[in-house]
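Only the coordinates and a few stated rules stand behind these numbers; no lab work does. Quick caveat, the model's predicted, so the values are computed rather than measured. Cβ sites come from the backbone with ideal geometry, for glycine too, and all protein chains shown count toward neighbours.
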Amino acid sequence: MCAFVCAGALACGGNKDTTGPTDVPGSGSSTPPPSGSSSGVQLTDDFGGRSLFPSDNWWNQDISSAPVDPQSDAYINFIGRTRTSHPDFGPPPYGIPYIGVGGSEPRAAVTFVDYGSESDSGFRGEIGYPIPGAAQTQPNYIEGGAPGGGSSGDRHVLIVDRDKWALYELFAARWNASARRWEAGSGAVFDLSSNTRRPEGWTSADAAGLAILPGLVRYDEAQRGPVRHAYRLTVRATNGYVWPASHRAGSTTGALPMGARLRLKASKSLAGYPPYIQNIFRAMQTHGLIVADNGSDMFVTGAMDARWNNDDLNPAFRSLTAGDFEVIRLGWQ
């Protein structure tokens with residue numbers, strides 16, 4: 001979520017549905033976590049290679065045969081056909097860190113200072129988010145790298161409880177030392193075994209109302225083999241929203257809506273890239289990129305990870321232009 005560009009849009013984000021999240025018909029279940037309790041805080045946790053959300057979730061759908069939107073060319077022209085893509089991730093402090101915790105990790109209540117009416121207080125009746133205590137004083141637990149979050153930037157916090165198989169996400173998080181409390185602009189909690197969407201008109205920790213972590217480019221996945229999910233994408237302006245998004249953050253004529261999905265054309269050759277880059281780019285052909293926030297055009301979000309090599313990433317992503325992509329039919333599912 002772009003801190004203040006989106007903030008104004010959030011305030012006028014359509015009618016709010018206070019009935020709670022919506023279960024998508026026909027939703028499947030992901031592989032459950034192992035029985036028993038896990039322990040320990042782990043940055044860049046691979047979660048045993050488990051898929052986040054069920055296989056038929058919008059993040060995990062294979063859209064390689066989905067129809068192209070009739071306005072695809074116009075949308076690509078709006079971005080600019082020669083606009084190159086960019087890896088919005090790398091070694092610290094670049095990208096968004098994420099954390100795995102066990103079910104016994106203490107929950108900390110979060111004070112939502114901006115969008116409390118659209119934020120979740122906890123998971124299944126619990127109050128609080130399992131934010132490790134180290135995040136108060138140590139770097140790289142919060143986006144931007146500053147201990148405790150600092151006072152600028154999007155400051156996302158992404159945490160998975162491996163035992164409950166729940167995802168906790170915060171936007172504009174910070175530790176308020178004088179008040180001895182965690183604060184955030186907004187927050188959302190997702191059941192990773194369910195295809196539950198946010199209520200219509202609601203934000204999350206992201207402007208589109210989507211989860212962030214399942215759309216990150218993650219190092220372990222790229223090294224392991226074909227990546228089987230879509231990626232989070234930002235563009236400079238948006239216009240409304242379509243499924244699977246639930247929230248708008250702009251009304252610029254000609255711009256893509258939140259939730260729109262771009263697909264790297266099948267005709268784009270991946271030969272010559274390092275194998276792990278091929279794995280990243282092939283997912284753009286099979287699962288695509290979902291517009292999730294306002295930011296810079298064609299910025300693809302990934303995880304903060306010391307193992308990334310910018311000498312590989314930057315030239316590879318620069319070789320892809322907006323003209324190499326097409327927009328699939330808006331709202332296709």
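Each residue of region 316-328 was assigned a 3J(HN,Hα) from its phi angle through the Karplus expression (A = 6.51, B = -1.76, C = 1.60, θ = phi - 60°), giving 5, 5, 5, 6, 9, 10, 4, x, 7, 10, 10, 9, 7 Hz with x at Gly and Pro. For W175, neighbours were defined as the other residues whose beta-carbon sits under 12 Å from its Cβ, and their charges (Lys and Arg +1, Asp and Glu -1) total +3. Round to the nearest 0.05 the FRET efficiency obtained for R107 and A306 when R0 = 25 Å and r is the Cβ-Cβ distance. Using R0 = 25 Å, I get an efficiency of 0.30. Test of understanding: in a Gaussian network model of the chain with alpha carbons linked when under 10 Å, which of A249, A74, A184 would top the mean-square fluctuation ranking? Maximum fluctuation in the GNM of the chain, among the listed residues, is at A74. Shown for I96, I277: other C-beta atoms within 10 Å of each C-beta, ranked fewest to most, produce the order I277, I96. Spacing of the modelled spin labels on A134 and N176, each 7 Å from Cα toward Cβ, amounts to 2.7 nm.
If you build a Gaussian network model of the chain, linking Cα atoms that sit under 10 Å apart, which residue out of S55, S151, S119 swings the most? Residue with maximal mean-square fluctuation among S55, S151, S119: S151. Between the amide H of R181 and those of N176, distances stay under 5 Å, these residues lying 5 or more places away or on another chain, with hydrogens modeled in the peptide plane.
Each residue in W182, W243 was given a count of other beta-carbon atoms within 10 angstrom of its own, and listing them fewest first yields W243, W182. Positive contributions from Lys and Arg (+1) and negative ones from Asp and Glu (-1), summed over other residues with Cβ under 15 Å from the Cβ of Q42, come out at -3.
All other residues whose Cβ lies under 14 angstrom from that of G288 are scored, Lys and Arg at +1 and Asp and Glu at -1, for a net of +4.
Ordered by the count of other Cβ atoms within 10 Å of each Cβ, fewest first, R218, R263 give R263, R218. Amide H contacts of Y241: M258, each under 5 Å away and 5 or more positions distant or on a separate chain (H built 1.01 Å from N in the peptide plane; Pro and chain starts excluded). When the chain is treated as a Gaussian network with alpha carbon springs shorter than 10 Å, the biggest mean-square fluctuation among G150, G225, G128 belongs to G225.
For region 141-155, 3J(HN,Hα) computed residue by residue from phi via the Karplus equation (6.51, -1.76, 1.60; θ = phi - 60°) reads 8, 10, 3, x, x, 6, x, x, x, x, 10, 9, x, 6, 6 Hz, glycine and proline entered as x. Under the criterion of Cα pairs below 8 Å and six or more residues apart, the relative contact order for the chain equals 27 percent.
Phi-derived couplings, Karplus 6.51 cos²θ - 1.76 cosθ + 1.60 at θ = phi - 60°, listed residue by residue for region 46-61: 8, 6, x, x, 5, 7, 7, 6, x, 5, 9, 5, 4, 5, 9, 5 Hz, with x used for Gly and Pro. Estimated from helical segments only, the mean residue ellipticity of the chain at 222 nm is -3500 deg cm²/dmol, where each DSSP H run of four or more residues counts as -39500 (n - 2.57).
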